[in-house]
Amino acid sequence: MADRYTQLVNTPIGRIVSKQIGLPTPTPLERYKPGQPVFDGPVLLGASSGGTLVGAAAKVLAAIGATVHTPLQEEARQAAADADIEAPIFNPEVASEEDRFKALVFDASGIADSAQLREAYEFFHPTIRRVRSSGRVIVLGRPHEDCETPQAAVAQRAIEGLGRSIGKEVRRGATAQLIYVAPGAEGQIESSLRFFLSPKSAYVSGQVVRVGTANASWEGIDWERPLAGKVALVTGASRGIGESIAEVLARDGAHVVGVDVPAQERELERVTGRLRGSSLTLDITDPDAPERIASHLLEHHGGVDVVIHNAGVTRDKTLGRMNEEQWQTVIEINLIAPQRIDRALFERQAIRQNGRIVLVSSISGIAGNAGQTNYATSKAGIIGIVSAYGPGVAQRGVTLNAVAPGFIETQMTAAMPIATREAGRRMNSLSQGGLPVDVAETIAWFASPASAGVHGNITRVCGQSMIGA
Amino acid sequence: MTTNGRRVAVLGGIRIPFARQNGPYARASNQDMLTATLDALVDKYGLQGEVLGEVAAGGVLKHSRDFNLTRECVLGSKLAPETPAYDVQQACGTGLETTILVANKIALGQVEAAVAGGFDTTSDAPIAVNEDLRQVLLEANRAKSNAQRLKALAKIRPQHIVPQIPRNAEPHTGLSMGEHQAITTKEWGIGREEQDELAVASHRNLAAAYDTGFQDDLVVPFLGLERDQNLRPDTSVEKLAKLKPVFGGENGTMTAGNSTPLTDGASAVLLASEQWASERGIPVQAYLLDAETAAVDYVHKREGLLMAPTYAVPRLLARHGLTLQDFDFYEIHEAFASQVLCTLRAWEDPVYCKERLGLEQPLGSIDRDKLNVRGGSLAAGHPFGATGGKIVGVLAKLLHEQGSGRGLISICAAGGMGVTAIMEAA
C-alpha cells in the first residue's frame, strides 16, 4: 500500500498541485499477485552486434509467453526466430507514439570497445521514453574481468553507468538493472530475468547483478511454486520484514521454519501457523543456539534448503553516547549469530545440495549512517560475509547472497522523526519507500532453485536510493 | 518446362510505351492497345497470317462488353483469324499468369507456339450504372406488362444518376492497395529514404535502357508516345523527398514518387517449342523453367496484402534445389518501392522465414545490382495486366544478351496473390 503522500499526489487535484510546485510525484508501484503473468505488455528485445546473450533472453521471453518485438537487428531477429517467437519489427523511424513497451531488454554483450557503446545509445535513445508505467529496463552484459580484451572490459564496465542512469531517468515506477552474465552462464539467467521483469522487483532499481555458471538443474520447475518440497529457515520471522519473507517463501511452496526469541513466541506461532510452517523459539545469540537450530532441522526435516538470516536489531546512538552493550548487542545479533549458525549448519551437514543462504544487509552498511555506527558496522560485515565465505560455500553447491534494504515502510521507520522519514522515502528514483514484501521477493529470487548461478550478490532493495549510491 | 514435359522457349516480347492515366492513351481502348501490340509482335517475328496455338491475354479494368476481348483483338490483328484466344484475369499477376498458362500447354505438347499478353486502361475505364438503378432496370426488364414496367421504372430517383466507378480497393477489407501496403511497410519498418532510393534507381535504369538502345526492339511507339510517359530520368532522392505521403497517414512514407501511378498500356510475349522456333529460324532468348503462384490470407491472418510472392519463391527454389542467390537477374515488380523492400527484408528475416515460410534458414539477401536492372514499374508505370509481359520480355532479352544465367520474376497481385517464375538463358 502506498504511503499517504503517494496517495495524495495521485489524486486529480494532488497531481496538479504537486506538478505546479515541483514536488516529487511517486507512482503507486505494481506488485505481484499470485497467478498473474510475469508481466503484461509487449517487450522490446534488442542486441548489440555480436551479442551472445540475446538468444538466451529470447528463450526466457518465449517461455514466459511474452509478446516480443525486436528492432531490425541481426542478432535480435535470429534470436527471436531460434526461440520460435513471431516478433514484430520495431523501427523507431516509422513507429507511432502509441508504440510503448512494458519492458526493454538489451543485450550489450557484443559491445567490444568504447566506440561500439553507440549501439546502446541507438537502442535506448528512441525507446527510453516508450517505457510504460511500472516498466522494466534490463541490460545484459559480460563481467569485465571475463572480457577477452582490455577494450571490451572497459566498454562492459562502462555499461554500469548507463544502467544506473537509466534507472534515474525512467519514470512512473519503472526500474532498470544491469545483469552481468559470465561466459557459460547463459542458461542460468531465467530466474533473474523473470524476477527483474516482474512486479516482484517493484522496489529494486539501478542494480548490477552477477550471474555465474552452475551445475544445478531445475528442469520442470513450477515457476508459481519454485520452492515446493523445500525447507526454509527464517530468523526473526515473527514480524516486519521477517514475517513477509516467511509469507513469500511459503507462497513459493517452501515449508518455513520460523525462528524468533521466546518473547515473540505467540507472534511467531501466529505467523508459522498461518503459513503451515513450524516455529523454533530461541535467542540466536545463545551459545547453544546454532547447534539447536541444526539439530531441529535435521531431526524434523532431514536438513534445510534455504537459510535466511533476517533477525536484526538497532540500538541507535551516536558513537560517543553509545554504551558498550548497545554496541555489542547489535554486533552479536546482526553479524556474529549468522556466522555461527552457518558454521554449525555446515559442520552438521544440514544444508542440502543446491542450498541457499541469504543475508540481510542494509543501505546503512553501504553508506554508513550517523547514529548507527553499530548497525552500519554489522551490516557492512554482512557484505564481508558474502565475499569472504562465498567461494567456500560455492564449493559445497550453495549460493550466498545478501539484500540491502533501503527505506522500507515498517514499524521501525514509522517511528522515525518526520524529516528523516520523508528524506528517506523520497530520496530515491521511485520517490517512495519500499514494502517488506519487496525485500521478501528479492530474497525469494535468491532462494529459487533456478538461481543456482546467482551468487555473491549484494542487491539493494532501495528504489535506487541516492544514499550510498 | 523441364520439370514436366518439353522445354518452353521464350522468343521475346514487345510492348507499347506506358502512358499515365488520361494521358496520350486517354481515348485508346484496351482493344486498340492490345491489337497494336499483337501487330508489333507479328511484325517483329514475321507472323503475318500465321495460325498460332493460342493467344492468352487479360486486363483488370474491362468493359462488360469486352467478354472476349483477346479474341476480338486477334480478329483485328495480322495473325490468322483461325488463332484461338481467351481472356485471363489475375489482377497485377495477369501478364505473367498468361505466360505460365501458354507455357504449360507448350510443355505438354498441346500447342507449338502461343502469345501471352496483357493490357489495362485506367483512362478508358468501365463505368457501371448505379447499383440501385441497375436493380430497377432489371426489375423493369422482368415485368410482364407495360403497367408493371411503368411501376418499376417509376422507382427511378435523381440520385440514381451517380454512376459506379471502379475502385482500387480490396472488396474484403475496403482498403485500397496503397493503404494495405502502408500497413505492411510500417510493419517491416521500411523508411522513406530507402523507398525513394529504389524509385530513383528504377528511373535511372529505365532511362539508361532507352539511351543504350536496349528498349529498341522491346517497345514500339503508339499514338505518338515513344517512351514511357512516367519516366523521369532526372529525378533524385532530394526531389522525391519533397513529396507528401499519400498512404499511411501524415507520417506515412509512401508517396506518389515511390508508388506506381495509374497507367495505360499493353504487352505481349511469344513462346514456343524449341522445334517450332528452329523451324522458323527464330532464336530462343530464354527458357521458362518453372512458375509458382501463391496467395495469403490478408483478411484474417495479419498477412501483408502484397506479400504472397515471399511464399511462392521459396517453394519454387526448393523445387529446383536453388538458393535465392543463384540468380543473375531479379525482376521484382515495383507496385510500390516498399513492396519490393518488404519482400527483400522478409527473405532476410530469420523470424519471418521460420515462422511464416517454415524455412530453417532465411533465404538471405540479394545483390541489389542485379535487381530490376533495366528499370521497374515505378519508372515505366504499371498497366496492371501488361506488367507481366513487359517483365518476361525484358528478362528474356537480358538472359539472351548475357548468354547464360538465370532470372527470377516476382509479381505481387491484388487479392493477396503473388505470381513468380524462373527463366534460364538459352
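Quick notes
- Between segment B:113-185 and segment A:11-78, the Cα center-to-center distance that results, in Å: 51
- 14 Å beta-carbon shell around B:VAL419, net charge (K/R +1, D/E -1): -2
- Max mean-square fluctuation residue, GNM over chain B, Cα-Cα springs under 10 Å, options B:SER145, B:SER77, B:SER123: B:SER145
- Rounded to the nearest 20, the Cβ-based charge dipole of chain B about its Cα centre (Lys and Arg +1, Asp and Glu -1) stands at 1420 debye.
- The aspartates and glutamates within cross-link reach of B:LYS44, meaning a Cα-to-Cα straight distance under 15 Å and a gap of 8 or more places when in the same chain, are B:ASP216, B:ASP217.
- Of all DSSP bridge pairs formed entirely within the protein assembly as shown, close to 40 percent run antiparallel.
- Of all DSSP bridge pairs formed entirely within chain A, close to 5 percent run antiparallel.
- Along each principal axis, Cα extent of segment A:31-211, largest first, Å: 43, 34, 31
- Across q = 0.10, 0.16 Å⁻¹, segment B:224-344 modelled as identical point scatterers on its alpha-carbon atoms has Debye log10 I(q)/I(0) values of -0.53, -1.12, in the order of the q list.
- Other protein chain Cβ atoms within 10 Å, averaged over every residue that makes up A:71-83: 4
- Rh by Kirkwood over Cα pairs, then Stokes-Einstein D for segment B:17-96 at 0.692 mPa s and 37 °C, µm²/s: 248
- Gaussian network model of chain B, Cα within-10 Å springs - most flexible of B:ASP264, B:ASP39, B:ASP234: B:ASP234
- Here segment A:231-461 yields Rg over Rh of 0.95, to two decimals, using C-alpha coordinates and the Kirkwood radius.
- Counting only the Cα atoms, the protein assembly as shown fills a convex hull of 236 Å³ per residue.
- Kirkwood hydrodynamic radius of chain A, from inverse mean 1/r over distinct Cα pairs, in Å: 22.8
- Sequence-distant aspartates and glutamates (8 or more away, or on other chains) whose Cα lies within less than 15 Å of B:LYS239: B:GLU193, B:GLU194, B:ASP196, B:GLU197
- Where N is the number of residues in segment B:89-208, Cα Rg divided by 2.2 N^0.38 Å: 1.73
- Calculated log₁₀ intensity ratio I(q)/I(0) where the Debye formula runs over C-alpha points of segment A:25-125, q = 0.10, 0.11, 0.16 Å⁻¹: -0.30, -0.36, -0.72
- Cβ crowding within 10 Å averaged over residues, with B:293-303, B:92-102 ranked highest first: B:92-102, B:293-303
- Residues whose amide H lies under 5 Å from that of B:ALA85, counting only those 5 or more places away or on a different chain, are B:VAL55; hydrogens are built 1.01 Å from N in the peptide plane.
- Per the Debye formula on identical point scatterers at the alpha carbon atoms of segment B:169-290, with no solvent, log10 I(q)/I(0) at q = 0.18, 0.20, 0.21 Å⁻¹ is -1.05, -1.13, -1.17.
- Gaussian network model of chain B, Cα within-10 Å springs - most flexible of B:ARG65, B:ARG149, B:ARG315: B:ARG149
- Computed over chain B, the ratio Rg/Rh where both radii use C-alpha atoms and Rh is Kirkwood: 1.00
- Rg/Rh for segment A:265-331 stands at 1.08; both radii use Cα atoms, and Rh follows the Kirkwood definition.
- Relative contact order %, chain B, counting alpha carbon pairs below 8 Å whose residues are six or more apart: 27
- Between 0 and 90°, nearest 10: helix A:436-447 axis offset from chain A longest Cα axis: 80
- Enclosing the Cα atoms of segment A:165-209 in their convex hull gives a volume equal to 63 cubic angstrom per residue.
- Averaging the Cα positions of each part gives two centres, and for segment A:98-123 and segment B:26-51 these lie 60 Å apart.
Every number in this text was worked out from the coordinates using simple rules, so none of it is lab data. Quick caveat: nothing in here was measured; it's all calculated off a predicted structure. All Cβ positions, even for glycine, are placed from backbone atoms using ideal geometry, and neighbour counts span all protein chains on display.
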